[in-house]
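The block underneath contains the structure these notes are about, expressed in structure tokens.
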Amino acid sequence: MNDPIPAQLPDFRNLGVTLRALVLIHLAAILSVIASIQSWAEWPGQLGNAVFWIEPVLLPAMGLLALLSPTLQRLSYRLGVLLVFLLVSVVMTVVYRIMRNTLGLELLSGMWLRQELLGLAATGLLLGYYRLWMRALSPRLTEARLAALQARIRPHFFFNSLNAVLSLIRSEPKKAEILLMNLSDLFRVAMGKQDRLSTLEREVELASGYLDIEKVRLGERLQVEWHIDKMPAKATIPALILQPLLENAVYHGIESSIAPGTILINLFRVGDDVHIDIRNPVNGSAPVHQGNGMALDNVRERLLLYFDAEASLSTKLINGYYQVHIVLPYQELPDEQTATHLSRR
């Protein structure tokens, strides 16, 4: 089935987008200078000349695009691209006119059109690069890895969960009903597309329902401590991020030991960053399971897709616990997306 990936402009406020633009533009300038010089003695002068023409335009243009990025992303892709070209053209015209008037560079009168065309060509190449990059990191590609991960975990979790529910049907029918509802809710999200954003509040609901199911199965062996009093409930987060990490924590930290263990979940905001900290106990006599890697790689890819270099995931062993720590920028879903998201619940 042909399902084209919707085109959209990159977030020009994103650190990764800005760094890529700066690196690619300067790399192109370096290669252009290398191709044009007759000897390496000309290298410093030619490179300085290239930077002289590039920097006064590149930095203001990137700043203006970052300032207008929220507006540009609300527009259709074609209109947004046209406005990006227009903004770059206006910045180049204004900057070169100022340089000509203040520095007395009459040479600019004859070079203006060539510099304008080069600038617009560079803009087009960058937009094309970002389009290809976003396609390469599309959730439709990442979803294939998620499906492979779920194919391994679902049968194990599904049958154990059904057995846990069956054990409660006669003794605690109300609790069994709640667990079935949690299981249905979790699988409805897991079976859906992973190409939409959710809220941290909703992901905590799903994760809490999952842990309730596991508590019935594992009994007193599984203890959970939630620290969510400082949680930014409306923060944007890729759908189904917490549950796979908690499933890892249960499988590798609780099931692998006969002794009771506690999973610690700490969600909070510091400035413009959202922090997600999950810790599970490590059996001191056994190494950390290598199976953690598949889920972690998937989460990393999805964070990279949505937040680029502004999000990170790190792991480490600390005081007998295996820690997964995620940092991502604080954002909220637009009102219309929030309404659609809530209607699916």
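Things to note:
- Within the range 306-330, tally of residues that are at pLDDT below 90 and among the polar types (S, T, N, Q): 1
- Taken over the range 165-182, the criterion of being in contact with a Gly (Cβ under 9 Å, 6 or more places away or on another chain) and of a type in the set (Gly, Ala, Ser) is satisfied by no residue.
- When the range 292-329 is filtered for residues that are among the polar types (S, T, N, Q) and in a helix (DSSP H, G or I), the ones remaining, listed by number, are ASN292, ASN298.
- The requirement of being under 27 Å from LEU180 (Cα atoms), assigned by TED's automatic domain parsing to the domain that holds SER167 and touching a Lys or Arg at 6+ places or on another chain (Cβ under 7 Å) is satisfied by LEU264.
- In this entry, ALA28 passes the filter for residues that are over 24 Å from the mean Cα position of the chain (by Cα) and within 23 Å of GLU116 (Cβ to Cβ).
- Qualifying residue in the range 224-238 (condition: over 24 Å from the mean Cα position of the chain (by Cα), at pLDDT below 90 and crowded, with 17+ Cβ neighbours inside 10 Å): no
- Looking across LEU64, LEU86, one residue alone is surrounded by fewer than 17 Cβ atoms within 10 Å (Cβ to Cβ), closer than 17 Å to LEU15 by Cα and at pLDDT 85 or above. It is LEU64.
The values are calculated or read from the model by the stated rules, or taken from the named source; none is laboratory data. All values derive from a computational prediction rather than experimental measurement. Cβ atoms come from the backbone with ideal geometry, glycine included; neighbour counts cover every protein chain shown.
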